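The values are calculated or read from the model by the stated rules, or taken from the named source; none is laboratory data. Only a predicted model underlies this, so the values are computations on that prediction, with no experimental measurement involved. Note that we place each Cβ from the backbone using ideal geometry, even for glycine, and neighbour counts take in every protein chain shown. Note: accessible area is taken over every heavy atom of the protein model, side chains too, but ligands, DNA and RNA are not part of it. Shrake-Rupley method; radii C 1.70, N 1.55, O 1.52, S 1.80 Å.
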Amino acid sequence: MPYALIVAHGQPSDPDPAEAALARYATEVNGMCDGVTVTSATLAAPGALEVKLQDLPDDTVVFPLFMAKGWFVTSALPKRLGAQPLRVLDPLGTDAILPSLIADTLGDAVTDLKWVSSTTDIVLAAHGSGRSRNPSKVARDFAKKLEELTDFRSIRVGFVEEPPSISEAAQGTGAKALCLPFFACTGGHVLEDVPQELDRAAFKGRVLPVVGELPRVKRQIANVLSQAFGGT
């Protein structure tokens, strides 16, 4: 049976919990896959990726659980993979189907809350970067595609590491607002920075799970992994 390896950044300051969380995530995706065995490793856990690679065949596909095709995906990950000829798929955030999946998820959330989308504000809380424009471009491009698919009152984008901040983006939203953390995994930024920024803005809306944790997105990852080996 073919193998797929989900790779995420992890948590350098405390790698073990993130490594365990990703393993649980991979097990969940594995249960949705057709004919593919899914395993995982974080880059932050010392030696975890190298140990996992020892047991994987050369036709294993690697799925980067990242929102942008930035330095970690294009430089750090290939270096860690070494000479093993593994096929690296595009990261989660660049999936062309992602905007429609998120549009449907947001629509369901609005319906469940008995709100109306045209009077609902959306805040995308993204990472950004102080060194590269690529992560913020991915988030902004995503927001534009989401605008084309929906009729929300506003779709605002704020960043942890560059302006505008998440608190600036959330300013002026009312009780009918949804914050979507535009992150692949629930790490320190999502648990600490995003809530702090929303508190600064006196955000009164609801906060959704990160993109990577949404059920539709997990199923899409399973589809991508199955299709990588010719499955449906």
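Structural remarks
- The condition (being under 22 Å from Val61 (Cβ atoms), surrounded by fewer than 19 Cβ atoms within 10 Å (Cβ to Cβ) and charged (D, E, K, R)) is satisfied by just one residue among Arg153, Arg206, Arg219, Arg200: Arg219.
- The range 79-134: number of residues that are in contact with a strand residue (DSSP E or B) (Cβ under 7 Å, 6 or more places away or on another chain), of a type outside the set (A, V, I, L, M) and open to solvent by 20 Å² or more (accessible area, probe 1.4 Å): 2
- Once the range 47-65 is narrowed to residues that are in contact with a strand residue (DSSP E or B) (Cβ under 7 Å, 6 or more places away or on another chain) and assigned to a loop (DSSP other than H, G, I, E, B), the residue that is most open to solvent (accessible area, probe 1.4 Å) is Pro57.
- Among the candidates Thr27, Thr119, Thr60, Thr37, residue that is out of contact with any Asp or Glu (no Cβ under 8 Å at 6 or more places or on another chain) and closer than 26 Å to Arg156 by Cα: Thr119
- Exclusive hit being out of contact with any Ser or Thr (no Cβ under 7 Å at 6 or more places or on another chain) and among the aliphatic types (A, V, I, L, M), set Val36, Val110, Val51: Val51
- Elements of type helices (runs of 4 or more DSSP H) contained in the range 96-176, each with 2 or more residues being free of Cβ contacts under 8 Å to residues at least 12 places away in the same chain: 98-112, 134-149
- Residues of the range 195-222 classified as assigned to a helix (DSSP H, G or I), of a type outside the set (A, V, I, L, M, F, W, C) and over 16 Å from Pro99 (Cα atoms), total: 5
- The number of residues in the range 172-186 that are farther than 12 Å from Phe66 by Cα and touching a helix residue (DSSP H, G or I) at 6+ places or on another chain (Cβ under 8 Å) comes to 6.
- The residues of the range 174-194 that are closer than 24 Å to Asp104 by Cα, open to solvent by 20 Å² or more (accessible area, probe 1.4 Å) and over 15 Å from the mean Cα position of the chain (by Cα), listed by number, are Gly174, Ala175, Lys176.
- Cβ-Cβ contacts under 7 Å between residues 6 or more apart (or on different chains), taken from a first residue in the range 8-36 that is among the acidic types (Asp, Glu) to a second residue that is open to solvent by 40 Å² or more (accessible area, probe 1.4 Å), are listed as Asp34/Thr232.
- For the range 12-45, a tally of residues being modelled with pLDDT of 95 or more, surrounded by fewer than 17 Cβ atoms within 10 Å (Cβ to Cβ) and part of a loop (DSSP other than H, G, I, E, B) returns 1.
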